[in-house]
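To keep things clear, I will list the structure first and then write my remarks on it.
The values are calculated or read from the model by the stated rules, or taken from the named source; none is laboratory data. Everything quoted here is computed from the prediction, not taken from an experiment. No Cβ is skipped: glycine too gets one built from the backbone with ideal geometry, and neighbour counts run over all protein chains shown.
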Amino acid sequence: MILHIDMDAFYASVEQLDNPRLKGKCVIVGGTSNRGVVSAASYEARQFGVRSAMPIYQAKQKCPHGIFVPPRMSRYKEVSKKVMALLRDFSPLVEPVSIDEAYLDITGCQRLFGEPQETAWEIKRQIKEAVHLTCSIGVAPNKFLAKIASDLEKPDGLTLILPDMVSEFIDSLPIKKVPGVGKKMHRQLELLSIRTLGDVQRLPEKTLVKHLGKFGKRLRTLSSGTDHSPVTPHAPHKSISSERTLAADTRDTKLLKRYLLRQSEEVAKQLRKAGVRAKTITLKIKDADFKQVTRRTTIDIPTQSSKTIYRHAERLMDNFKITKKIRLIGVGTSGFSSVASSVQIGLFDRDDKIEDEWEKVDKTLDSISKKFGKDVVGRATLKNK
């Protein structure tokens, strides 16, 4: 049996916990500027239609009396660590999937903690006691069903799906509840007369693939209640990125490149912390009309050098034709390999050798920052920018 634990309106709930004057009020985490997006909204704010990832200006229109606060990631991480440590007391098979949710495989743990439902109630009790916050838990035979179940009785809910309940649950599950079914996909499914996950079984797999591509095959598998994905502790990073919504839309390439440089430093630092090198570098740009584009390049030698990441991100930007003002810019990396893997440096390639030396500089700066503080040393280019 698999549990999916999802903290309720996590960021907003932490803010209400730390500031009792915010309890029962419309708290919206994401800052006070109209430029950003909502990171989290309290359940009071959600009643007015405020949702995560919504632009702040829209949230203010829907909830003008809302209390807007900037995120405090260090505090959220502090609470998250306590919750994840608590979960590991119930099973070694804990897979955090974000700062506020995780899967837990409790198969075979009945002798220690009782039946799955009893275990879930005890987890909820201990989390409430340890961090004074509520969570919602879904209990099911696999990860897919457990995640859906955890969302059905929010907040502070517990939904149990036993093996003999799976078929009936799937037959009645609205198709829009299935992860991956957005507005566009939902419209396509309605055209195929698919309104519940159980309806998928009525159509041949060929028809589903023809209209929905690979996702059609995935839906067919899920409609049988099958999901063989294991709970994987310490799942490796698939990507590491940094992005920024600008204070004002701009076409100023010098300003944009300063953001790229700062983001390249942050991404490289996270790569070194994770003990990996990246082979793919991605530039992300969103214009004033919220149109988002990405450009990526794959390099021959994986890197964790800020200089290398910035050089390729800058080149991607130079090759991108800016026709509208930019509101968001970001740098991402993927295609990871372990630092322990051998790295071949070109015998006659001077750039490779210089960038290998720059990795050593980056690591030295990491050590200085760790000992004396992150702002004690930095690039002159970014000074007061």
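To keep it simple, each residue is scored yes or no on (1) touching a Phe, Trp or Tyr at 6+ places or on another chain (Cβ under 9 Å); (2) closer than 30 Å to GLU168 by Cα; (3) among the aliphatic types (A, V, I, L, M).
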{"position": "LYS77", "(1), (2), (3)": "no, no, no"}
{"position": "ALA85", "(1), (2), (3)": "no, no, yes"}
{"position": "GLU95", "(1), (2), (3)": "yes, yes, no"}
{"position": "ALA102", "(1), (2), (3)": "no, yes, yes"}
{"position": "GLN110", "(1), (2), (3)": "no, yes, no"}
{"position": "LEU133", "(1), (2), (3)": "yes, no, yes"}
{"position": "PRO141", "(1), (2), (3)": "no, yes, no"}
{"position": "ALA146", "(1), (2), (3)": "yes, yes, yes"}
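Identify, by number, the condition in (1) surrounded by fewer than 21 Cβ atoms within 10 Å (Cβ to Cβ); (2) under 27 Å from PRO179 (Cα atoms) that ARG251 doesn't meet.
Unmet condition: (2).
How many of the residues making up the stretch 174-215 are buried (at least 18 other Cβ atoms within 10 Å of the Cβ), without any contact (Cβ under 8 Å) to a residue 12 or more places away in the chain and in a helix (DSSP H, G or I)?
So the count comes out to 0.
Could you please find all residues in the stretch 128-162 being over 21 Å from the mean Cα position of the chain (by Cα) and either assigned to a strand (DSSP E or B) or β-branched (Val, Ile, Thr) (or both)?
Across the stretch 128-162, the qualifying residues are VAL131, VAL139, ALA140, LEU158, THR159, LEU160, ILE161.
Closer than 24 Å to ASN142 by Cα, modelled with pLDDT of 85 or more, of a type in the set (Asp, Glu) and outside any loop (DSSP other than H, G, I, E, B), is that true of ASP171?
yes
Can you work out which of the residues in the stretch 18-57 that are in a loop (DSSP other than H, G, I, E, B) and among the basic types (Lys, Arg) is farthest from ASP156 (Cα to Cα)? I'd like the intermediate steps shown before the answer.
Within the stretch 18-57, the first condition is being in a loop (DSSP other than H, G, I, E, B), and the residues that meet it are 19, 23-26, 30-36, 38-39, 42, 47-54.
Subset that is among the basic types (Lys, Arg): 23, 25, 35, 51.
Details: LYS23: 16, LYS25: 18, ARG35: 32, ARG51: 18 Å.
If we take residues in the stretch 18-57 being in a loop (DSSP other than H, G, I, E, B) and among the basic types (Lys, Arg), then ARG35 is farthest from ASP156 (Cα to Cα).
With respect to VAL27, determine if the residue is under 21 Å from GLU95 (Cα atoms), β-branched (Val, Ile, Thr) and either more than 19 Å from the chain's Cα centre (by Cα) or at pLDDT 95 or above (or both).
On the way: under 21 Å from GLU95 (Cα atoms): no; β-branched (Val, Ile, Thr): yes; either more than 19 Å from the chain's Cα centre (by Cα) or at pLDDT 95 or above (or both): yes.
Answer is no for this residue.
Conditions first: (1) in a strand (DSSP E or B); (2) at pLDDT below 90; (3) under 29 Å from VAL37 (Cβ atoms). SER337 passes all but one, so which condition is the exception?
Here SER337 clears every test but (3).
Hey, could you check the stretch 216-245 for residues that are within 30 Å of THR303 (Cβ to Cβ) and of a type in the set (A, V, I, L, M) and say which is surrounded by the most Cβ atoms within 10 Å (Cβ to Cβ)?
Only one residue tops the list, namely ILE240.
For the stretch 135-145, indicate whether the set of residues that are surrounded by fewer than 18 Cβ atoms within 10 Å (Cβ to Cβ) and in contact (Cβ under 8 Å) with a residue 24 or more places away in the chain is non-empty.
No; the residues of the stretch 135-145 include none that is surrounded by fewer than 18 Cβ atoms within 10 Å (Cβ to Cβ) and in contact (Cβ under 8 Å) with a residue 24 or more places away in the chain.
With the requirement that a residue be over 22 Å from the mean Cα position of the chain (by Cα) and within 13 Å of GLY335 (Cα to Cα), what does the stretch 294-314 give you?
Once the filter is applied, which keeps residues that are over 22 Å from the mean Cα position of the chain (by Cα) and within 13 Å of GLY335 (Cα to Cα), the stretch 294-314 yields THR297, THR298, ILE299, ASP300, ILE301, PRO302, THR303.
For the stretch 8-67, which residues satisfy the criterion of being in contact with a Pro (Cβ under 6 Å, 6 or more places away or on another chain) and of a type in the set (S, T, N, Q)?
The answer is SER39, and nothing else.
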